[in-house]
Amino acid sequence: MSADAVPGLVAVVLVTLITLAIGIYGLRFSRTTSDFFVASRTVRPGLNASAIGGEYLSAASFLGIAGLLLVGGADMLWYPVGWTAGYLVLLVLVAAPLRRSGAYTLPDFAEARLGSRTVRAACSLLVVGIGWLYLIPQFEGAGLTLRTAIGAPEWAGPVVVGGVVLANVTSGGMRSVTFVQAFQYWLKLTAILLPVAVLLVVWWGDGRPHGTAGADGWSVPVAGDGGIGLYTTYSLIAGLFLGTMGLPHVVVRFYTNPDGRAARRTTVVVLALLGLFYLWPPVYAALGRVYAGRLVAEGRSDVLVLELPRLMLDGLGGDLLTGLVTAGAFAAFLSTSSGLAIAVSGVLTQDLTTRLVGERRGGVAAFRLAAVVAVVIPIGAALLVRNVGVAQSVGLAFAVAASTFCPLLVLGIWWRRLTAAGALAGLAAGGLGAGGAAIATLAGYAPGGWTGALLGQPAAWSVPLAAAVMVLVSLATADREPAHARRFLVRLHTPESLSR
């Protein structure tokens, strides 16, 4: 192993050990099934917001945004803006009512709202599909990071991250993972903020040079391609703004709050934490245009954050900063993967593994078995999928979530006339549309022109399609409106202080 690899190796080992130690500490508080699923609904807003920030700031946030901005310019700023603003939509439309539903998972909510096991089964399949689609870029990014930082083979990242995630998730469930993710948010913030502060001092000392590499389109909000570029931008905005509320690992966090008011407060704090983090990837991209133009030519823009410290600073200083950003990147993979594993495991436990283990509604043993399934399958997929950008993969997961769970949640919470048939038809339309586009893109099918734009960014057509189908089919099956719908909506919109 070369001397350059030592800081990265030390960083990975330290993050792994601290993560496992915090998970073991959380195990002291994980004694019941409710602890494993929703931390017994006792997580306070400050801790919950840090945990959400920890799991939400994924590989795409820590590595992908800076790389996208380095290559694509200012139009890629929609990624951090959209990922943050999605919580504003969540705050206004979903957060408090979803907590008052009393559900453990999105399929639980769907069944309680519509009284249909078929809709529940469809939601379970979608949660698993979205979760795996989101896990693949986390494991792919882990392989990229370990290869860049310590020269490890590409399979090592997915295996190491998957092993640590399984250890935490199966030992303490949501309770342990909450403590781990809260710590990892602040680690990631430190790991991106402290190096960029030092690098800005270096840049200032160099006479504040301006970059020219790849500068075309840097300041153009919608870069090139005429109508196709405009469509791509608006579709990306729709997917990011609306996809947040449909991500299973995000939504499950709101079930852990004590009440609806705490859920709203959590969302407000999350907005502040995400905004603070997303200030800094664009700075890395701007510095990369001065010092890291070769990464664009080599097609390695995703490693900008990892390589920029050594490109700008020689000796021990560059090594230390490289170790710190490596620690932050590794924490990003661990925290997001843990949240996704919890969400997918919860659904698999409730709907699949209970039949094998034989525990009513899924106990701890079933949860642990489900966690193994939830993690191992996307590890295999990550080892097979190559050359798909981390941020692009995550963007496709957002598009599928926006096209399925977003209309289901909004209509289910705010429209009494939604029926099981309408929900099922809309989920099928949005899931098959956006999901098919995601699979085609991941498989490497990349036609030019409008076909490529519609497949690469499907949200602009798949979200309206799903919502329209849900409404029209519900109106056509109005005689099958759930008898308890009015009562259930009253429960969702009544503050706990009035319902006691």
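Tell me, what is the FRET efficiency for VAL201 and ALA446 to the nearest 0.05, using R0 = 41 angstrom and their Cβ-Cβ distance as r?
That pair, VAL201 with ALA446, gives E of 0.50.
For an R0 of 45 angstrom, estimate the FRET efficiency from the Cβ-Cβ distance between ASP259 and ARG147 and round to the nearest 0.05.
Result of the calculation: an efficiency of 0.50.
Treating the beta-carbon of each Lys and Arg as +1 and of each Asp and Glu as -1, no other charges, what is the dipole magnitude of the chain about its Cα centre, to the nearest 20 debye?
1960 debye
Treat each spin label as a single point 7 Å out from the Cα along the C-beta direction, and report the TYR25 to LEU384 distance in nm.
Spacing of the two 7 Å Cα→Cβ label points: 4.0 nm.
Using the charge dipole of the chain (Lys, Arg: +1 at Cβ; Asp, Glu: -1 at Cβ; taken about the Cα centre), state which of ALA402, ILE136, SER235 has its Cα farthest towards the positive end.
Positive-end residue among those listed: ALA402.
At a threshold of 8 angstrom on Cα-Cα distance, excluding pairs fewer than six apart, so keeping six or more, what relative contact order does the chain reach in percent?
On the way: 907 pairs, mean separation 144.0, N = 500.
Here the relative contact order equals 29 percent.
Give me the tail of P(r) for the stretch 261-341 as a percent: Cα-Cα pairs with distance above 20 Å.
Numbers: 1575 of 3240 pairs.
Tail of P(r) above 20 Å: 49 percent of Cα pairs.
Just check the stretch 104-211 against the gyration tensor rule for me: Cα atoms, a ≥ b ≥ c as the square roots of the eigenvalues, rounded for a/c under 1.5, and otherwise prolate or oblate depending on whether a/b exceeds b/c. Show your work: numbers first, answer last.
Details: a/c = 2.44, a/b = 2.09, b/c = 1.17.
Judged from the Cα gyration tensor, the stretch 104-211 comes out prolate (a/c at least 1.5, a/b above b/c).
Rounded to the nearest 500 deg cm²/dmol, what is the calculated helix-only ellipticity per residue at 222 nm for the chain, with -39500 (n - 2.57) per DSSP H run of length n ≥ 4?
Mean residue ellipticity, 222 nm, calculated: -25000 deg cm²/dmol.
What is the calculated FRET efficiency for VAL6 to LEU194, with r their C-beta to C-beta distance and R₀ = 22 Å, to the nearest 0.05?
My answer for the efficiency is 0.70.
What distance in nm separates the simple spin-label points at VAL92 and LEU320, each placed 7 Å from Cα in the Cβ direction?
It works out to 4.6 nm between the two label points.
Each label point is 7 Å from the Cα along the Cα-to-Cβ direction; what then is the distance between the points at ALA478 and VAL81, in nm?
For ALA478 paired with VAL81, the spin-label model returns 4.1 nm.
In square angstrom, rounded to the nearest 10, how much accessible surface does MET312 have for a 1.4 Å probe?
20 Å²
Which whole-number percent gives the relative contact order of the stretch 35-171, counting Cα pairs below 8 Å spaced six or more residues apart?
Across the stretch 35-171, relative contact order equals 15 percent.
About the Cα centre of the stretch 259-309, what is the dipole size in debye to 20, counting +1 per Lys and Arg Cβ and -1 per Asp and Glu Cβ, all else neutral? Mind showing how you got there, number by number?
On the way: 6 positive and 4 negative charges, 48 e Å.
With Lys and Arg at +1 and Asp and Glu at -1, about 220 debye.
Principal axis extents for the chain, Cα atoms only, whole Å, descending order, please.
Reported extents, whole Å, longest axis first: 71, 56, 42.
Hey, could you pull the Cα Rg and Dmax for the stretch 44-103, both in Å?
Here Rg and the maximum Cα pair distance are 14.6, 45 Å.
The values are calculated or read from the model by the stated rules, or taken from the named source; none is laboratory data. Bear in mind the structure is a predicted one, so any value in this text is a computation, not a measurement. Cβ sites come from the backbone with ideal geometry, for glycine too, and all protein chains shown count toward neighbours. Accessible surface areas use protein heavy atoms only, side chains included; no ligands, DNA or RNA. Shrake-Rupley method; radii C 1.70, N 1.55, O 1.52, S 1.80 Å.
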